[in-house]
1. Would you look at the GNM of the chain, springs on alpha carbons closer than 10 Å, and say which of ASP31, ASP94, ASP52 moves the most?
2. Taking all protein chains in place and a 1.4 Å probe, what share, in percent, of the accessible surface of the chain do carbon and sulfur account for?
3. Once amide H atoms are built 1.01 Å from N in the peptide plane, which residues 5 or more positions from SER73, or in another chain, come under 5 Å H to H?
4. Given q = 0.19 Å⁻¹, what are the Debye log10 I(q)/I(0) values for region 58-127, with equal point scatterers placed on the Cα positions and solvent ignored?
5. What is the angle, in °, between the Cα long axis of helix 113-122 and the longest principal axis of the Cα atoms in the chain? Nearest 10 is fine, range 0 to 90.
6. What Kirkwood hydrodynamic radius, in Å, does region 51-93 give when the mean of 1/r is taken over all pairs of distinct Cα atoms and then inverted?
7. How big is the Cα convex hull of the chain in projection, averaged over all directions, in nm²?
8. For region 83-122, what is the accessible area per residue in Å², given a 1.4 Å probe and the full set of protein chains?
Amino acid sequence: ARIESLTAGTRPSEPMFLSLIKIVPIPEKRDTLLGILNSVQRKTKVMPGCTDCVVYEESGNVTAILYLEGWGSREALHRHIRSGLYIRVLHAMDLASQRPDVFFYEVSGQKGLDLIQALRESGQEMQ
């Protein structure tokens, strides 16, 4: 259901754009980092072209923070990256204990639970 919210506002024939940042924070800076990203998240979610923005915390010994944005167009994503608000994301990355992983994806298609059901029922590969 979470991925479906990221694709809201895009038509199946249109690509969508995802930004994924994985940050392993300096332990004593974790709360500060989360505070920054949660603040940015609230403002980003209501920006034109944003389909969703979420902050996740990994569990385990070395707990990373995942910051994920969905955008309906490349232009909207690029406008956001050039914005003053995005400087706060860069500041959050400065609180990492190691180099953050930053990925941008252009998604040209999507499938949902129907793919799981079809694959499990047929046992064959689907396109």
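The values are calculated or read from the model by the stated rules, or taken from the named source; none is laboratory data. What you see is a predicted model, and the numbers here were worked out from it, not measured in a lab. Here the Cβ positions follow ideal geometry from the backbone for every residue, glycine too, while neighbour counts run over all protein chains shown. For accessibility, only protein heavy atoms count, side chains too; no ligands or nucleic acids. Shrake-Rupley method; radii C 1.70, N 1.55, O 1.52, S 1.80 Å.
1. Per the Cα network of the chain with a 10 Å cutoff, ASP31 tops the list.
2. On the chain, the fraction of accessible area on carbon and sulfur atoms equals 53 percent.
3. Here the answer is PHE17, since their amide H atoms fall under 5 Å of that of SER73.
4. Summing over Cα pairs of region 58-127 leads to -0.92.
5. Value to nearest ten degrees: 50.
6. 11.8
7. Approximately 9.2 nm², given one-decimal rounding.
8. Heavy-atom accessible area per residue stands at 76 Å².
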